[in-house]
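This report refers to the structure that appears directly beneath it.
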């Protein structure tokens, strides 16, 4: 039973940090359950209609699995140092989003792959997404030197850069990529021979597809911010 007791919070961490973490755990768990059910339904529809499983399905599944990490870290880390939890949560962010975004782009290719310009735009977006994910993951990992100093401030000689700046740049680049993915199929849909109502409806469906990016974003990446 002694192992299950909560550790006392350090002076620089709010006393209600445990309740805050549980508050973050609940919506994260609910969203992940809905995401898992949605993915299972997607696979069922693929099999039911006789369609082959593609790379878009594989990458979406990988993104979903990686996105389980925030809930696992929050749940199993209730009694760990809060900086350790924050560090663990941030490791899943870029890999999960990269898999999901590229999955959406590959899904676009399955629908509008006959248009060479559209294919080029998709490949540019894929390259941008990979570049964003790799670069920001490395920057995020090395924000503190040595890396362990992020969650262990007792290490002598350690230092951390201004994380607010790197997070702002990361968020801005990610948002730009999200918008690019969101609007990419709109011109193709707009040139289809159908009435305006159907065009708007189809555009809305594509936008709903981008909710994967929003729903699986680990918004609880930084539970406790530090200088």
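The values are calculated or read from the model by the stated rules, or taken from the named source; none is laboratory data. Please read these numbers as outputs of a predicted model, since none were measured by experiment. All Cβ positions, glycine included, derive from the backbone under ideal geometry; neighbour counts span all protein chains shown.
Annotation: of all residues in segment 141-161 being assigned to a loop (DSSP other than H, G, I, E, B) and under 19 Å from residue 93 (Cα atoms), the one that is farthest from the chain's Cα centre (by Cα) is 151. Evaluating residue 108 against the criteria (1) over 19 Å from residue 60 (Cα atoms); (2) surrounded by 13 or more Cβ atoms within 10 Å (Cβ to Cβ); (3) modelled with pLDDT of 85 or more leaves one unmet condition, (1).
The single condition among (1) surrounded by fewer than 13 Cβ atoms within 10 Å (Cβ to Cβ); (2) at pLDDT below 80; (3) in a helix (DSSP H, G or I) that residue 167 does not meet is (1). Cβ-Cβ below 7 Å, separation at least six or inter-chain, first residue in segment 113-142 and surrounded by fewer than 17 Cβ atoms within 10 Å (Cβ to Cβ), second outside any helix (DSSP H, G or I) and modelled with pLDDT under 95: which pairs? Going by the 7 Å Cβ cut-off, the qualifying pairs are 119/113. Within segment 179-195, being at pLDDT 85 or above and in a helix (DSSP H, G or I) holds for 180, 181.
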